[in-house]
Structure formats: C-alpha cells, structure tokens
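Peer 1: Sharing a structure with you now.
All of the numbers you see were taken from the coordinates with simple rules; none came from a lab. Keep in mind the model is a prediction, meaning the values are calculated, not measured. Positions of Cβ are generated from backbone atoms using ideal geometry, with glycine treated the same way; all protein chains shown enter the neighbour counts.
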C-alpha cells in the first residue's frame, strides 16, 4: 500500500474513482471494414456455405476440440448451429470476410457483454485454415478490439480459454493480452472439466497495443514474400509503456 492509495471516511483502502462513468452501448450488428477483411454479423444465407467449405479444408476436427460445439461433418448440422449463432445477441457473432476473395473464412464473437462495467470478451474464435496465420486473422482481431475500445468506450477486453489450449494461450499473448490467472474447475463442456485461463487488455494499455497493430499491419512491415519484418511483440516493446 502506497501513500497514493485512496481511502474512505473509515480509512479503508478503496479503488480509484472513475469520473463521469456511464454505461456503454452494447455492440451492434454492423459491418466493420479493414484493409484486408471485413467483419459482418453472421448471416446464414450469405455465409453458411462459404464457412462450411472453409472449415472443411482442415485435415481433421482438432480445431473444434476446445470449442463448445463441433466438429461438423454434415452441412445441415452446421447450418443449424450457425442459425442459432446468428440469432444470438450475447455472444454476438461476426463473420470474417476475405476482402480479396469476398468469401467467409471464419467467425469470432463479442460475448459476456457488461455495459454497466465496460467489460467485454472476445470468444468463439473459429478460424478456418484459409484464415490462420494470415494478416487477415490479425486484422480481424484488431478491428474488433478497436470497435470495443474506441467506438464503444469499453474499459476491459477479455480473452478466456481452456488452460490446456496452448495455441489459444500463445495467441492471446501475441495479441497483447496480459495473463491474469487460472480459474480452476470453471466449466464443464463436452463432458469434461475446463480450468479457464484468463487474459485481458485494459483501456490504459490500449493506445500502445493499437499503435503496434497499426505498425504491424502496415505494408512496409512485410517483405516481397509477405514475411513480417517485425513482430507485434517487438513493435509493442519499441513503443514502450
């Protein structure tokens, strides 16, 4: 406890005041444009066939292991799932559209939305082989973060995953999320236990993270073969705190 700690009339330590705070708006069913992709609210008629085909390019069902649904081998079952996803407001699912091909190549969602506290989570990240490890996948994450922080004014942006999901945990750190801990026995899904790893970005860290995204996505950060010159982590470190 430092001398800067706030105290109340009972000399108890209390949190910093959040001046003139007002509940934020809920995310809307709107399109969000980037340079390499566009995020659109999930639309079954427009997106289902593309998504099913894109997911079908995976060699097996391992991409669905840590998701609450799937894998899907039949289109009708996938369409039923996507119909429910499209009707949901929390999670609010967005489709990632490749700007070059115009095809739907994955989805992600804003969820556990708490406007009163300015807290929101990105989840249900379901990227096809056409999307993984591409500039589009990074831009899609950036666009949704920017929407939450800059357009809606949220204070906290969360990422949660099965603690055993090493790729998801690695991705969270790459994108600039800070690890906050493990919630043991937090969820039962697909007939098994999940210890949940928690990560977050808060508003005071966002300007540095946003700048790193913008520098990473710039054309001059990639050579003639499309290989990055500097990683997101390197760019964040260069910007500093």
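Peer 1: Semi-axes of the equivalent ellipsoid for the range 158-241, please: Cα gyration tensor eigenvalues, times 5, square-rooted, ordered largest first, whole Å.
Peer 2: Values for the range 158-241, descending: 30, 16, 8 Å.
Peer 1: What fraction of the DSSP beta bridges in the chain is antiparallel, stated in percent and rounded to the nearest 5?
Peer 2: Close to 90 percent.
Peer 1: Let me ask something additional. If all Cα-Cα distances of the range 90-191 are sorted into 5 Å bins from 0 onward, what percent lands in each bin, rounded to whole numbers?
Peer 2: Here the calculated profile for the range 90-191 is 2, 11, 21, 24, 20, 14, 6, 1, 0.
Peer 1: Exposure proxy check: 196, 171 ranked by fewest other beta carbons within 10 Å?
Peer 2: Details: 196 16, 171 20.
The most exposed by this proxy come first: 196, 171.
Peer 1: Same structure again: Can you classify the range 78-126 as rounded, prolate or oblate using the Cα gyration tensor, where a ≥ b ≥ c are the square roots of its eigenvalues, rounded means a/c under 1.5, and otherwise it's prolate if a/b beats b/c and oblate if not? Intermediate results must be reported in sequence, preceding the final value.
Peer 2: Working: a/c = 3.04, a/b = 1.61, b/c = 1.89.
Since a/c reaches 1.5 but b/c is at least a/b, the shape of the range 78-126 is classed as oblate.
Peer 1: Between 0 and 90 degrees, rounded to the nearest ten: what's the tilt of helix 135-146 against the longest Cα principal axis of the chain?
Peer 2: The angle comes out near 40 degrees.
Peer 1: For helix 206-217, what angle does its Cα long axis make with the longest principal axis of the chain, in degrees from 0 to 90 and rounded to 10?
Peer 2: Result, in degrees: 30.
Peer 1: Give the span of the range 28-203's Cα atoms along each principal axis, as three whole-Å numbers ordered largest to smallest.
Peer 2: The principal-axis extents, from largest down, are 38, 37, 29 Å.
Peer 1: Order these by the 10 Å Cβ neighbour count, fewest first: 161, 37.
Peer 2: The order, fewest Cβ neighbours first, is 161, 37.
Peer 1: Going by alpha carbons, how many degrees (0 to 90, nearest 10) lie between the helix axis of 75-87 and the longest principal axis of the chain?
Peer 2: That helix lies at roughly 30 degrees to the long axis.
Peer 1: Just rank 4, 111, fewest to most, by other beta-carbon atoms within 10 angstrom.
Peer 2: The order, fewest Cβ neighbours first, is 4, 111.
Peer 1: Classify the range 40-119 as rounded, prolate or oblate, taking a ≥ b ≥ c as the square roots of the eigenvalues of its Cα gyration tensor: rounded when a/c is under 1.5, otherwise prolate if a/b is larger than b/c and oblate if not. Please report the intermediate quantities before stating the final value.
Peer 2: Values: a/c = 1.82, a/b = 1.46, b/c = 1.25.
Judged from the Cα gyration tensor, the range 40-119 comes out prolate (a/c at least 1.5, a/b above b/c).
Peer 1: What's the ranking of 98-104, 218-224 by average number of surrounding C-beta atoms within 10 Å, highest first?
Peer 2: So the order, starting with the most tightly packed, is 98-104, 218-224.
Peer 1: Divide, for the range 1-76, the radius of gyration over alpha carbons by 2.2 N^0.38 Å, where N is the residue count.
Peer 2: Cα Rg divided by the expected 2.2 N^0.38 Å: 2.07.
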